[in-house]
Amino acid sequence: MSVKGVMKQVYRNINTGRRWFSNDRPDERTGVLTISPVGGGFQREINEQEFNSEFRKEQSTDFQYRSALFSVDLFPGQLFEGYHNNERHMGWAYPFFPKQAMLRLVQFTHSDEYPCLFDESSQCVKYWVNGIDSDPEIYPAVRITVDAVRFDAWPVGQESWRWSLGAPGEDPESGLSIEMDSGSDQ
């Protein structure tokens, strides 16, 4: 599935409450919009009439972001610098990563069997979580503001990876308790 521009505007589905990014422009040939769930996942194509009946533009996307370190069970012992706005998905953190942290995360995630790459032209991270023969999860850049400075950040793994604030087991806001395998044979 191709990306038809960097998606910046956030819309909420009035039936499910789930937030989606949209490129705001229907494809000139087909008349459909490409939307992507906030937090990443599979893109969806939807005709403009259906989109207008199911989605409403978010009034404000200027959330209060703060810096944090994040850990994920995929990479024991690794911390990734990012930002969050206290949103959660099923109790798990919702991180946004600045470009350098995102590139580090892409490097950790990439393998020949499960490629993960940053597509400079679309400003999206693409991760073939089910292998190269599947559609990738796509994480488009999101413009966030931290301390009055606006910049792009990437929500890699939101809603599909189990992100925690801080080191494993140290996320006091999640209400979750997780055991992490350190990978050592002690």
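The values are calculated or read from the model by the stated rules, or taken from the named source; none is laboratory data. Computed from a predicted structure; not experimentally measured. No Cβ is skipped: glycine too gets one built from the backbone with ideal geometry, and neighbour counts run over all protein chains shown. The accessibility values were calculated without ligands, DNA or RNA, using every heavy atom of the protein model including side chains. Shrake-Rupley method; radii C 1.70, N 1.55, O 1.52, S 1.80 Å.
How many of the residues making up segment 35-65 are at pLDDT 75 or above, under 23 Å from Trp161 (Cα atoms) and surrounded by 12 or more Cβ atoms within 10 Å (Cβ to Cβ)? First the steps, then the outcome.
So in segment 35-65, the residues at pLDDT 75 or above come out as 35-37, 43-58, 64-65.
This time we only want the ones that are under 23 Å from Trp161 (Cα atoms), so: 35-37, 43-44, 64-65.
Subset that is surrounded by 12 or more Cβ atoms within 10 Å (Cβ to Cβ): 35-37, 43-44, 65.
Qualifying residue count, segment 35-65: 6.
Of everything in segment 74-84, what is of a type in the set (Phe, Trp, Tyr) and surrounded by fewer than 17 Cβ atoms within 10 Å (Cβ to Cβ)? Give them in sequence order. Give the derivation first.
Step one: list which residues in segment 74-84 are of a type in the set (Phe, Trp, Tyr), which gives 75, 80, 83.
Correct list: Phe75 only.
For segment 70-77, does any single residue satisfy the condition of being among the polar types (S, T, N, Q) and free of Cβ contacts under 8 Å to residues at least 40 places away in the same chain?
Restricting attention to segment 70-77, the residues satisfying the condition of being among the polar types (S, T, N, Q) are 71.
Checking which are free of Cβ contacts under 8 Å to residues at least 40 places away in the same chain leaves us with none.
Looking for residues that are among the polar types (S, T, N, Q) and free of Cβ contacts under 8 Å to residues at least 40 places away in the same chain, one finds none in segment 70-77, hence no.
Taking the criterion of being at pLDDT 85 or above, among the aliphatic types (A, V, I, L, M) and on the phi < 0 side of the Ramachandran plot, would at least one residue in segment 157-170 satisfy it?
yes
Just need a number here: residues in segment 20-29 that are at pLDDT 80 or above and either open to solvent by less than 90 Å² (accessible area, probe 1.4 Å) or among the polar types (S, T, N, Q) (or both).
Number satisfying all stated conditions: 1.
May I ask you to list the residues in segment 68-84 that are of a type in the set (Gly, Ala, Ser) and either touching a helix residue (DSSP H, G or I) at 6+ places or on another chain (Cβ under 6 Å) or part of a strand (DSSP E or B) (or both)?
Step one: filter segment 68-84 for residues of a type in the set (Gly, Ala, Ser), giving 68, 71, 77, 82.
Within segment 68-84, Ala68, Ser71, Gly82 qualify.
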